[in-house]
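Read through the structure below, which is laid out as structure tokens, and then see the notes.
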Amino acid sequence: MSQLLKVHGSENQFFILDQTTLENQLDDTELKQLAIKLCNPSNNILDGADGLLVVNDSKFNDCLGQMRVINADGSEAKMCGNGLRTVSRYLSEKFNQDSFKVETFETNLEVKKSDNFYNNVPAFSVEISPISFAKKDLPFAYKDKLEMINEDIPEFIDGQKFTAIAVPNPHLISFVDEVDEDDLGELGQALNAPNTYFPEGVNVSFCEILDKNKLFVQTYERGVGFTNACGTGMSATSLAFAMLNEDYFDSDDDITVYNPGGMVKTNIQLAERKEDSSIHLIGNATFTHTLNVNESDLHSANLNNITINETGEETYYHEFVNSISEA
């Protein structure tokens, strides 16, 4: 019998599969099929999820494990900040270590256990890297621009400015007085359908500046759609905020980032060369359910014989969210 975990970071929902516990690991086709079926809410497995996080042994001696991110549509993402926090907690508890590295698609990232966000709401801090503004790394095409930083692009939305940052997932960010979900959804869909601007798609985030070092971010995520939160989206947005809004940014303090699923913190340290800036994302890593399933059923994506048990952690997370709204 094998075990999956249902987890979330800021209600960005995932399943975790530790392939190192299996007698025979799933191949890429099987992982894609499993992710698509597990994450589809119509299959009635805990209302689905935004993706499947796959834990493998790392090829690097200084990493406790490797994380792969399979989106709900079966595509693979380079990184997932909210997901990395939950995988970090999983590896931390598995190996009894509080500070270590995790191998991801492009680089090995430093992670560490943080103080709990609330009673029984474990939190982890994860490095978000590498950073690039170059058109080839997103990639994007708009006129003859090599970077897109605080640009008026009327072809997207007239009167809004846009910044594009890869961390390494590609993100398009716009600061607005108030998030218009219709505009965000329409632009997100357009730029993740076949288009000339972002041929590989892009995560689109709108951000309201609430106060000094205080933001609200909502994201339309590539391969997923609207999510409760996008970790790399909040990270990229925080970097853009720090670069473009010096009157509202204090580098000595963390940035508080609210989202539809709760709240995270980010720490931004700007560098003279903007690509050398550092981003750390701090937030909850909540395990809501354990799922027991036969290994053969994982290979065939058979979801008919799963035993599910609650952990009770979601109750504490809701108390945390209520404390935010009352603050």
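Just so you know, all these numbers are worked out from the coordinates, no wet-lab data involved. Predicted model only: the values in this text are computed from it and were never measured. Don't worry about glycine lacking a Cβ; one is built from the backbone with ideal geometry, like all the others, and counts go over all protein chains shown.
Worth a mention:
- Residues of region 98-115 falling in the label zone of Asn61, defined by backbone nitrogen less than 16 Å from a point 7 Å along Cα to beta-carbon, are 101.
- Helix-only mean residue ellipticity at 222 nm for the chain, each DSSP H run of n ≥ 4 adding -39500 (n - 2.57), per residue, nearest 500: -7000 deg cm²/dmol
- Label-point separation, Asp253 to Glu178 (7 Å along Cα→Cβ), nm: 2.6 nm
- Computed lengthening from Asn292 to Asn245, 0.36 nm per intervening residue step minus Cα-Cα distance: 12.1 nm
- Spin-label pair Asn195/Ala141, simplified geometry with 7 Å Cα→Cβ offset, distance in nm: 1.5 nm
- Among Leu84, Leu303, Leu38, residue whose mean-square fluctuation peaks in a GNM of the chain (springs only between Cα atoms under 10 Å): Leu303
- Computed with the Debye formula from one identical point scatterer per Cα of region 164-250, without solvent, the log10 of I(q)/I(0) at q = 0.12, 0.15, 0.17 Å⁻¹ comes to -0.32, -0.50, -0.64.
- Cα gyration tensor shape for region 141-206, rounded if a/c is under 1.5, else prolate or oblate: rounded
- Beta bridges per DSSP, both residues in region 135-284: antiparallel share near 75 percent.
- Projection of the Cα convex hull of the chain, averaged over all directions and equal to a quarter of that hull's surface, yields 16.5 nm².
- Each residue, Gln3 and Glu186, gets one label point 7 Å from its Cα in the Cβ direction; the gap between the two is 4.8 nm.
- Residues considered: Ala72, Ala236, Ala301. Largest GNM mean-square fluctuation over the chain, using C-alpha springs under 10 Å, is found at Ala301.
- Cα-only radius of gyration and Dmax that characterise region 250-318, units Å: 19.5, 55
- Ranking of Cys39, Cys230, Cys80 by neighbouring Cβ atoms within 10 Å, starting from the fewest: Cys39, Cys80, Cys230.
- Our estimate of slack between Ile324 and Ser99, defined as 0.36 nm per intervening residue step minus the Cα-Cα distance, is 78.2 nm.
- Structure remark: mean-square fluctuation, Gaussian network model of the chain, C-alpha springs under 10 Å; the largest value among Thr288, Thr266, Thr219 belongs to Thr288.
- Based on alpha carbons, the Rg and Dmax found for region 135-284 are 14.2, 42 Å.
- Potential extension, Phe226-Asn116 segment - 0.36 nm per residue separation minus Cα distance: 36.9 nm
- Projecting the Cα positions of Leu298, Gly81, Tyr258 onto the charge dipole of the chain (unit charges on Cβ atoms of Lys, Arg, Asp and Glu, taken about the Cα centre) puts Leu298 furthest along the positive direction.
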